[in-house]
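Here is the structure we will look at, set down as structure tokens.
The values are calculated or read from the model by the stated rules, or taken from the named source; none is laboratory data. All of these numbers come straight from a predicted model, not from anything done at the bench. Here the Cβ positions follow ideal geometry from the backbone for every residue, glycine too, while neighbour counts run over all protein chains shown. Only protein heavy atoms, including side chains, enter the accessible area calculation; ligands, DNA and RNA are left aside. Shrake-Rupley method; radii C 1.70, N 1.55, O 1.52, S 1.80 Å.
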Amino acid sequence: MIESPLLEKLNGYIGGRWTDNAQGNTFDVFNPATGDVIAKVASMSESEVEDAVAAGKSALRLTSPYSIETRRKWLEDIRDALKANKEEVGRILCMEHGKPLHEAQGEVDYAAGFFDYCSKHIQALDAHTIPEKPKDCTWTVHYRPVGVTGLITPWNFPIGMIAKKLSAALAAGCPSVIKPASETPLTMIALFTLMDQHTDMPDGMVNLVMGKASVIGKVLCESPDVPMLSFTGSTEVGRKLIVDTADQVKKLALELGGNAPFIVFDDADLDAAADNLIANKFRGGGQTCVCANRIFVHEKVADAFGEKLAERVNKMTVGDGINGDVDLGPLINKAGFDKVKRHLEDALEQGASLVAGKQPGDLGDGLFFPPTVITDVTRDMCCYREETFGPLVPMALFRTEEEVIEAGNDTEFGLASYVFTGDAERAQRVAAGLRFGHCGWNTGTGPTPEAPFGGMKASGTGREGGLEGLFEFVEAQTVPRGF
Ligand code: ADP
């Protein structure tokens, strides 16, 4: 069992207090590197989730809103608490997610960056009067909090994803009911411990509910007191939330699946492209929605690029992330492992060939999947059509710019994309042609707090980060005044 001063309570948090889990229902949290159960966490009832919504409602202030200074202080306090506890939060994150310790601790810094960004730009949410005077009135635009929000997060960034949502929600003055993924609730409990100890937010401003997604989702979708949900996760669940909230026309911010193209032209710096692909693809074990999923390489440089990837991949170390210097941890669970294996098997059966890695039959026990590169991938293969969410690098060859833009867009998703070329005009054309919310030119870097990030098409709606993200949790209200 995991021991930590930040995990003294393993229950929910409602109205400024830890719940007592009177019913005694719990679920197990595993360390994916060892398979051990490391904690038993409260599985909450429908009435507790309703209590959390009621607590949120009691913290919402409309007629006497929390001042910008007050909200800024909450954000600064959370940022400072995360930075001061980066090692311990990162250790907890590493143990329940499996990503290497340095990456887990880096994620805590990343999370602190969102609270920092919102604290520095919160003034943008102040009311303003617009200069034009149509008819005989002046118009003031106020940014009102949407209300109590449901924040639902996945397991792949246990602190990063909540930071994006919660920073903007608090900046807007929105209370929230937060549901972490059941694979990684401990990092969230650690965050609540820090918020409990280091901030003076009013009771009910932040509430933690854990347990069955169907129970929690039902309350959040059906309650008229929750006018907005911000969700990151699968497109399948995102679609369900759209349907389940349609009657009430709830505001939704959805960051859903991806199927990122990573395009390498023949004039690209191949070493830089290979380094960036490795950093991008193997982040979080390949289990992120911004990880390259289809690697399109110009046919003239395909062999050279494949060799560079193989050279790098063959040096990578795989193991328990807590042991400091590993490059790649385990996959999150058996279903995740089996999916990557199925994608590899399917590609090899349909004519792809192995450039680096192991044959499916040589994969050992446990959830450790070796970094693997395959080539001659085609559009009918599962690894091309579906998001693999694992350390498999599938290369497909292309000849022309038009062909690769069309191939890149040949997916229902539109989250992240990457293009490597030495030709600036081509980069601009390709970026404009790709229907993706993010297009990295000669970089595989993902979102940062300063820039709006989100999806087109079935990858979702809304943006997180940047001023666009800051404005997600407010409603603009116009108050014209006559003379
Ligand atoms: P992943 O495949 O990354 O686990 P999911 O979409 O299944 O993505 O889950 C993302 C988050 O959404 C998790 O916190 C999960 O528990 C939650 N979730 C799953 N189903 C529902 C639902 N019906 N209502 C609300 N939340 C849900």
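Points worth noting:
- The residues of the stretch 213-254 that are buried (at least 18 other Cβ atoms within 10 Å of the Cβ) and among the charged types (D, E, K, R), listed by number, are K250, K251.
- Here is the figure for the stretch 211-247: residues that are away from the ligand (no atom under 13 Å from the Cβ), of a type outside the set (A, V, I, L, M) and either in contact with a Ser or Thr (Cβ under 9 Å, 6 or more places away or on another chain) or within 13 Å of A458 (Cα to Cα) (or both) total 1.
- Apart from one condition, Q197 fits all of (1) open to solvent by 50 Å² or more (accessible area, probe 1.4 Å); (2) among the polar types (S, T, N, Q); (3) within 12 Å of the ligand (Cβ to nearest atom); the exception is (3).
- In the stretch 259-281, the count of residues that are outside any helix (DSSP H, G or I), over 18 Å from V404 (Cβ atoms), modelled with pLDDT of 95 or more and open to solvent by less than 10 Å² (accessible area, probe 1.4 Å) is zero.
- Residue match in the stretch 337-350 (condition: small (G, A, S) and either part of a loop (DSSP other than H, G, I, E, B) or more than 21 Å from Q287 (Cα to Cα) (or both)): no
- Search result, residues across the stretch 58-79 that are in contact with a helix residue (DSSP H, G or I) (Cβ under 7 Å, 6 or more places away or on another chain) and acidic (D, E): E76, D77
- Long-range neighbours under 7 Å by Cβ, at least six apart or interchain, first residue open to solvent by 20 Å² or more (accessible area, probe 1.4 Å) within the stretch 110-139, second part of a helix (DSSP H, G or I): Y110/G160; D116/R79; H121/L467; H121/L470; Q123/I68; A124/L467; A124/L470; D126/I68
- Test: residue in the stretch 170-179 that is surrounded by fewer than 22 Cβ atoms within 10 Å (Cβ to Cβ) and within 16 Å of the ligand (Cβ to nearest atom): no
- Cβ separations smaller than 6 Å between residues 6+ apart or across chains give the following pairs from the stretch 220-236 residues that are closer than 23 Å to G204 by Cβ to residues that are near the ligand (Cβ under 7 Å from one of its atoms) and assigned to a strand (DSSP E or B): F231/I152.
- Of the residues making up the stretch 244-277, just one is polar (S, T, N, Q) and touching a helix residue (DSSP H, G or I) at 6+ places or on another chain (Cβ under 6 Å), namely T245.
- Residue match in the stretch 72-93 (condition: modelled with pLDDT of 95 or more, surrounded by fewer than 19 Cβ atoms within 10 Å (Cβ to Cβ), among the hydrophobic types (A, V, I, L, M, F, W, C) and not in a helix (DSSP H, G or I)): no
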